[in-house]
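Remarks on the structure that follows.
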């Protein structure tokens, strides 16, 4: 019996294929582009006034231990968001992004990325409903894609743009310290 229990304890990590948070499953690894596998760094719940808004998982090539390392890491990355709250208007969602982007990027960065940021906001036309999946992805070449429920909303060929978006979570003023810590897997 002891051998059987020991076997199960040793074998269990091999069977773990996903992490679950708020009944939402995030696979331990995904493929962003052919041959470019990334691993789940961490998962977190975004809360606003005691309400769960969305669950997020951050995928990166290799292990990072700080927000700075997450922003500086090269290669494919992905922030995967699954909405929990029943409905968030596109205007409120854009307002939240705008606040996060402006708090966590310099004026120079914002001016340099103004056109791309504008395209990003314009691509979010519909409300976010419970169960909707939003993916913000960077390819190895630096292309940023915004995908909602498997539909491509935006594709931008600019190596610096992804980090403008990612900084909303990984910058000096994240949604919360606990969110950033959890999304980094700490």
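With part of a strand (DSSP E or B), at pLDDT 90 or above and closer than 22 Å to residue 105 by Cβ as the only criterion, which of 44, 55, 70 stands out?
From the options 44, 55, 70, the qualifying one is 44.
Quick one: would you say residue 156 is in a helix (DSSP H, G or I) and either buried (at least 16 other Cβ atoms within 10 Å of the Cβ) or modelled with pLDDT of 95 or more (or both)? Write out each step before concluding.
Details: in a helix (DSSP H, G or I): no; either buried (at least 16 other Cβ atoms within 10 Å of the Cβ) or modelled with pLDDT of 95 or more (or both): yes.
So residue 156 fails the test.
In the stretch 55-79, what residues are surrounded by 14 or more Cβ atoms within 10 Å (Cβ to Cβ) and closer than 16 Å to residue 181 by Cα? Spell out the reasoning first.
Here is the first cut: in the stretch 55-79, the residues surrounded by 14 or more Cβ atoms within 10 Å (Cβ to Cβ) are 55-61, 64, 67, 69-71, 73, 75-79.
Those that are surrounded by 14 or more Cβ atoms within 10 Å (Cβ to Cβ) and closer than 16 Å to residue 181 by Cα: 55, 56, 57, 58, 59, 60, 64, 67, 69, 70, 71, 79.
Just need a number here: residues in the stretch 41-53 that are free of Cβ contacts under 8 Å to residues at least 24 places away in the same chain and touching a strand residue (DSSP E or B) at 6+ places or on another chain (Cβ under 9 Å).
Number of matching residues: 0.
Give the residue, chosen from 101, 94, 88, that is more than 15 Å from the chain's Cα centre (by Cα), modelled with pLDDT of 95 or more and within 19 Å of residue 156 (Cα to Cα). Full working, then the answer.
Values: 101 fails: more than 15 Å from the chain's Cα centre (by Cα); 88 fails: within 19 Å of residue 156 (Cα to Cα).
It is 94.
As an exercise: evaluate residue 32 against (1) modelled with pLDDT of 95 or more; (2) surrounded by 16 or more Cβ atoms within 10 Å (Cβ to Cβ); (3) more than 21 Å from residue 177 (Cα to Cα) and give the number of the one condition it does not meet.
(1)
Looking only at the stretch 110-152, count every residue that is closer than 22 Å to residue 59 by Cβ, assigned to a strand (DSSP E or B) and in contact with a strand residue (DSSP E or B) (Cβ under 7 Å, 6 or more places away or on another chain) and tell me the total. So that I can check it myself, show each step before the final result.
Initially, the stretch 110-152 is screened for residues closer than 22 Å to residue 59 by Cβ, giving 116, 120, 123-124, 128, 131-152.
Filter once more, so that each one left must be assigned to a strand (DSSP E or B): 128, 133-138, 143-148, 151-152.
Applying the additional criterion that residues be in contact with a strand residue (DSSP E or B) (Cβ under 7 Å, 6 or more places away or on another chain) yields 128, 133-138, 143-148, 152.
Here the count works out to 14.
If you check 133, 140, which single one turns out to be at pLDDT below 95, surrounded by fewer than 19 Cβ atoms within 10 Å (Cβ to Cβ) and within 21 Å of residue 37 (Cα to Cα)? Give the derivation first.
Working: 133 fails: at pLDDT below 95.
After ruling out the rest, the residue left standing is 140.
The values are calculated or read from the model by the stated rules, or taken from the named source; none is laboratory data. Everything quoted here is computed from the prediction, not taken from an experiment. Don't worry about glycine lacking a Cβ; one is built from the backbone with ideal geometry, like all the others, and counts go over all protein chains shown.
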